[in-house]
Structures are given as C-alpha cells and as structure tokens.
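Structure record follows, encoded as structure tokens.
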Amino acid sequence: MKRFFSADDVANIDELVQNAIQIKKAPLQKSDLGKGKTLGLVFLNSSLRTRLSTQKAAQNLGLNTIILNANLEAWTWEFEDGAIMNGSTVEHIKDAANVLSQYCDIIGIRCFAGLENKEDDTSEKVYSLFEKFATVPVISLESATLHPLQSLADCITIEEHKPENKKPKIVLTWAPHIKSIPHAVGNSFAQWMSKIDCEFVITHPKGYELDSKFTQDAIIEYNQEIALQDADFVYIKNWSSFEEYGKILPTEEDWLLTNEKLNATNNAKIMHCLPVRRNVEASDEVLDSENSLIYHQANNRTFAAQIILEKILESDGQA
Ligand code: CP
C-alpha cells in the first residue's frame, strides 16, 4: 500500500478489519517496524481523535512522529498553480509538500472541505495537490469528501458488535446541527458500507442527499421512523446540503434521536464519530446509553491507523 485516501485503496476490507482486530489484541507486536522512520501529521483543521490515535498507532510501531498544525503555526499556503504570490499566501503547497517529504517517510494530512467552492471540494483540490507534490506515501486524516480512518474504525467496531448469524441492518441517520458541516464522514461511511456484508439505509430530510457517487448502493428512506425499524446499528451524523452546497436547510420533522425513537430498532447499537454537540445532534440519553459505541469507535481509531501504517511500512511504499 502506498496511499490511503479511500476504501478503493484497500484490496480486501474484511481482511483489513480482521488484521486490525489482531493488532488490538497485541498492539506492540511490531514495535520495531517503524524504527528510524518518521511519520508527519499535517493539520489544516482541528482534531482530537485523529491526531492522538494516529500518533499512538505510530508509537506502537516505533515510528517517530512530527506534527505541523498548518492552520495555526505554519506559513499560509497558496494552492493556485502559477500564482503571483504578492497577497496573503506565503508558501506554495508544492514547496510545503516537497519539503515535508524531506523530513518524513509517510505523511498524513487533514484538509476539510471549505464548503464554499463545490468544485474545489469535490475534486479534492487540496489533498490532490499535496499528494502530487509529496514524494513519500500520503494518508488521509480526513479530506474534503472522505474520512477513511474513521470509516475503517467504524467497520472494526461493527465487526466486533454485530449480531451473530444475521446480516446487520445499519442506518445512517442525519442529525440536526447549528453549523454547516462537511459531508466527509457520511460519504465515507456510505462508501465503506457498500463494501461490507450489510443492509445499509440512509435517512435524512429531503434536500440533504449526499453525493450519489458514494451512496449509489444505499437505500435512501426519507422517513426516519421507517428507516429505524429493526436496525442493528444507528450511526448519527450531521452534514450540510450537498445540492445547495454547504447550506443548512429548514427541516420540518424533529430529527434529534431519542430513546423513544429507538424502540423501533432491534435494540440498536449507537454510533457517532465524535465530536458531538450533545442534545443538538443526539440526546444525552442516547449517547450515554449502554448501547452506545461512541468510545469503542474512538478507541478503534488507533488500530485503524496502526494497520494502515503497518501496511505502508511493510510494503515500503510499494503498491
Ligand atoms: N472523529 C474524528 O475525526 O475526530 P477528530 O476531528 O477529533 O479527529
């Protein structure tokens, strides 16, 4: 493996999930694999889980880690080819990516959707430029359209908690939010769910359809009550409108998930990638219930990152 941007970079997801579960049982088994090598983590946006779980995974493999909070403490990046940089930008992304590659053997980068220019976001302008100019393997720590390490951790969590002898029904439910939120987690979850054995349903108000590129294999059910029936897992997530790009649309129904609504499920496990705005996206009673897997998901972020770093180190950058 020489890149990790999406589920399409994984030959066999079931095998990858089983590998991660084995790592979880003995996380220090390959503690020398990364010895003498350096992982760079570049953040153009904030993070708690991704930053620390990936750093912990690197430590487990003996990798040194260096972190650049590019949004806070680096020179402001320019992204336009041929730009005359006489304005606010100080360093071109081609120089930044190339220079970072001199110090690192693998680089992870987080670059959220700006939600202002749909074409820039859907074409993954920032991630693609960084990967183009980096000379070492690059992994996504969440890009404009996808969040693969989160989705891999979610697949591990589902595998650990799925009912026996039954194809699980997994429902991704849109949730309210006060801010305009990117589509990456929802897109990514849909992409990974299309590649595992499950019945996958997405429920959201009309106008909140995700990019059909990622949801083409999903069942879309606009009625949340119907969607939740017999669900084994309910994944709660907000996103802004994709069609009216980045906008928050008025909604008629109350989409906040409560225990009462969950009565229709098959005693469903509850998932959320975190951070969560409690009692806006989901109620405390749901997030703190014994069926909640939110901290299991966060824990599994380490083993998701570790199996990806391991694959890259073992292939020494070869595809
Ligand atoms: N779920 C997730 O990616 O969390 P952070 O934004 O804190 O990294």
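So here's what we get for this one:
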| read-out | value |
| --- | --- |
| Only one of GLY186, GLY207, GLY246 that is assigned by TED's automatic domain parsing to the domain that holds CYS155, out of contact with any helix residue (DSSP H, G or I) (no Cβ under 6 Å at 6 or more places or on another chain) and crowded, with 22+ Cβ neighbours inside 10 Å | GLY186 |
| Complete set of residues in the stretch 228-243 that are under 17 Å from ILE178 (Cβ atoms) and either among the β-branched types (Val, Ile, Thr) or open to solvent by 40 Å² or more (accessible area, probe 1.4 Å) (or both) | ILE236 |
| Extreme residue, nearest to GLU142 (Cα to Cα), among residues of the stretch 266-278 that are part of a loop (DSSP other than H, G, I, E, B) and either more than 15 Å from the ligand (Cβ to nearest atom) or acidic (Asp, Glu) (or both) | ALA268 |
| Filtered residue count, the stretch 52-66, keeping only those that are surrounded by fewer than 16 Cβ atoms within 10 Å (Cβ to Cβ) and within 16 Å of the ligand (Cβ to nearest atom) | 1 |
| Scope the stretch 279-301; condition touching a residue at least 40 places away in the same chain (Cβ under 8 Å), assigned to a loop (DSSP other than H, G, I, E, B) and either assigned by TED's automatic domain parsing to the domain that holds ALA26 or open to solvent by 30 Å² or more (accessible area, probe 1.4 Å) (or both); matching residues | VAL280 |
| Qualifying positions in the stretch 22-51 - within 21 Å of the chain's Cα centre (by Cα) and exposed (fewer than 15 other Cβ atoms within 10 Å of the Cβ) | SER46, LEU48 |
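The values are calculated or read from the model by the stated rules, or taken from the named source; none is laboratory data. Keep in mind it's a predicted model, so treat the numbers as computed, not measured. Glycine also receives a Cβ, built like all others from the backbone with ideal geometry; neighbour counts cover every protein chain displayed. Accessible surface areas use protein heavy atoms only, side chains included; no ligands, DNA or RNA. Shrake-Rupley method; radii C 1.70, N 1.55, O 1.52, S 1.80 Å.
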